[in-house]
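The values are calculated or read from the model by the stated rules, or taken from the named source; none is laboratory data. Predicted model, so just to flag it, every value in this text is computed and none were measured. So basically every Cβ, Gly included, is an ideal-geometry build from the backbone, and we count neighbours across all protein chains shown. Each accessible area value is taken on the protein alone, full model and side chains, heavy atoms only, with ligands, DNA and RNA left out. Shrake-Rupley method; radii C 1.70, N 1.55, O 1.52, S 1.80 Å.
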Amino acid sequence: MTRAYNKTRRARKEQETHQKILDAAISLSCSVGPAATTISAVATMASVQRLTVYRHFPGETDIPVQAVTHWFDHNPLPHRNDWRKDVAAENWPIAILSMLYSYYGDTKMFWPAVLADRDKLPELNATLEVYDKQLRNMQEDILRHLPHDRRTSSLCQSVTHHAVQFSTWRTLSDKGLDTVEIAALMEEWIQKCPLG
């Protein structure tokens, strides 16, 4: 009985240590970027030995990539079902943009350093391809029920691509616009931009 209890307690302690390391890696990834998130810095922030970090994450790039993956698991982007189930098709563009911009507002500390580092770490770039795919899904649904000439316009497609980027939201947010204003502005641009 004592052996089983000690084994359970040890496993729980290992899990707590693992989570502390991940939390430190996420914090560093947001502040200095995944590429600069070193084993030493993570160990210091998590108050553990470097060997402990290596035991949990053997490769140098394992920890920032797993930290970003873990962060995404707990902070998922809006899902297609969020607008497809309850929103009229003609309102999908404004609904999608409103949900996405609200999400960016809630998670704004995560994105700048992580997106800036994606080309520095191939493993990180591969992880972020899931994010890219979700943005493409949003773009498709924003355009899905627009008139054919607008839906197939390369200029309108480019505007829609621009609209879903974090950098677009951040630039307009930094100018003092709130989420509702940004969503309305970008939705109007998509609906009324010249057809190229």
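Observations on the model:
- Residues of the range 13-34 that turn out to be open to solvent by 50 Å² or more (accessible area, probe 1.4 Å), part of a helix (DSSP H, G or I) and in contact (Cβ under 8 Å) with a residue 40 or more places away in the chain, as a count: 1
- Count of the range 91-119 residues which are outside any helix (DSSP H, G or I) and in contact with an Asp or Glu (Cβ under 6 Å, 6 or more places away or on another chain): 0
- Out of 113, 95, one residue alone is under 20 Å from residue 170 (Cα atoms) and in contact with a Ser or Thr (Cβ under 7 Å, 6 or more places away or on another chain). It is 113.
- Tally of residues being touching a helix residue (DSSP H, G or I) at 6+ places or on another chain (Cβ under 7 Å), open to solvent by less than 80 Å² (accessible area, probe 1.4 Å), aliphatic (A, V, I, L, M) and not in a loop (DSSP other than H, G, I, E, B) across the range 35-79: 10
- Some residue of the range 85-106 being modelled with pLDDT under 95, of a type in the set (Lys, Arg), closer than 29 Å to residue 191 by Cβ and open to solvent by 10 Å² or more (accessible area, probe 1.4 Å): yes
- Yes/no for residue 111 being open to solvent by 50 Å² or more (accessible area, probe 1.4 Å) and of a type in the set (Phe, Trp, Tyr): no
- Count of residues meeting criterion [outside any helix (DSSP H, G or I) and either farther than 15 Å from residue 108 by Cβ or not basic (Lys, Arg) (or both)] in the range 145-195: 13
- Just one residue in the set 143, 128, 135 is open to solvent by less than 20 Å² (accessible area, probe 1.4 Å) and either in contact with a His (Cβ under 9 Å, 6 or more places away or on another chain) or small (Gly, Ala, Ser) (or both); that residue is 135.
- Which listed residue is in contact with a Gly (Cβ under 6 Å, 6 or more places away or on another chain) and either charged (D, E, K, R) or buried (at least 17 other Cβ atoms within 10 Å of the Cβ) (or both), from 117, 82: 117
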